[in-house]
Amino acid sequence: MERIVEGGCHCGAVRWSATIPPQSTLVDCNCSICMKGGFVHLIIGKENFRLISGEDFLIEYTFNTHVARHVFCKRCGIKSYYHPRSHPDGISLNARCIDGYDMSSLPTVQFDGRHWEDSIDRLQV
């Protein structure tokens, strides 16, 4: 059963809602930006995401291939979602930024983001 959740950044400037499909899986990636930021992915289609507020508080960061568009709140620095390289037509929510979310409610898979090119074909979400 689909669930509608809300989430956002620490200071509350960036707020969003999302529809989570029933067979969702969390992705724990070991790439440098996910490890340093503590990001746990919940990847959904763009059509399942709605930015409620804070577009003017978002600042974008790209690196390496510049395909992934990392967006942070410029007030508190939290990346509550972004546009992932692995799913360019999707949104990756930070499961830790979903209001009251119990991350143990979904299975988690490990992704070797340090070796992205060698691992991407095995990512099943």
- List, in order, the whole-Hz ³J(HN,Hα) value for each residue of the stretch 33-45 obtained from phi through the Karplus relation with A = 6.51, B = -1.76, C = 1.60 and θ = phi - 60°; use x for Gly and Pro. 6, 5, 5, 5, x, x, 7, 10, 6, 10, 8, 9, x
- Message: Given the whole protein assembly as supplied and a 1.4 Å probe, what does the accessible area of Lys46 come to in Å², nearest 10?
- Response: 90 Å²
- If the label point is 7 Å along Cα→Cβ of Asp28, which residues in the stretch 83-105 have backbone nitrogen under 14 Å from it? 95-96, 103-105
- Query: Out of Arg69, Arg114, Arg15, any idea which swings most in a Gaussian network model of the chain, alpha carbons joined below 10 Å?
  - Reply: Arg114
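State whether the stretch 49-92 is rounded, prolate or oblate according to the following rule on the C-alpha gyration tensor (a ≥ b ≥ c being the square roots of its eigenvalues): a/c under 1.5 gives rounded; otherwise a/b larger than b/c gives prolate, and the remaining case gives oblate.
oblate
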- Task: Once you have the Cα-Cα distance between Ser105 and Arg122, take 0.36 nm times their residue separation minus that, and quote the gain in nm to one decimal.
- Result: 3.8 nm
- Query: Restricting attention to the alpha-carbon atoms of the chain, what are Rg (one decimal) and Dmax (integer), both in Å?
  - Reply: 13.6, 37
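What whole-number value in Å² describes the accessible area per residue of the chain for a 1.4 Å probe?
I get 57 Å² per residue for the chain.
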- What are the ³J(HN,Hα) values, in whole Hz, obtained from phi via the Karplus relation 6.51 cos²θ - 1.76 cosθ + 1.60 with θ = phi - 60°, for each residue of the stretch 56-69 in sequence order, with x given for Gly and Pro? 6, 9, 8, 10, 9, 9, 10, 7, 6, 7, 6, 7, 5, 10
- Query: For Lys36, which lysines qualify as cross-link partners when the Cα separation must be under 21 Å and same-chain residues fewer than eight apart are set aside?
  - Reply: Lys74, Lys79
- Evaluate the distance, in nm, between pseudo-label points positioned 7 Å from the Cα of Lys36 and of Asp112 along their respective Cα→Cβ axes. 2.3 nm
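The values are calculated or read from the model by the stated rules, or taken from the named source; none is laboratory data. The structure presented is a predicted model; accordingly, all values stated were derived computationally and were not measured. Please note: Cβ atoms are built from the backbone with ideal geometry, for glycine as well, and neighbour counts cover all protein chains shown. What goes into the accessible areas is simple: the full protein's heavy atoms, side chains included, and nothing from ligands, DNA or RNA. Shrake-Rupley method; radii C 1.70, N 1.55, O 1.52, S 1.80 Å.
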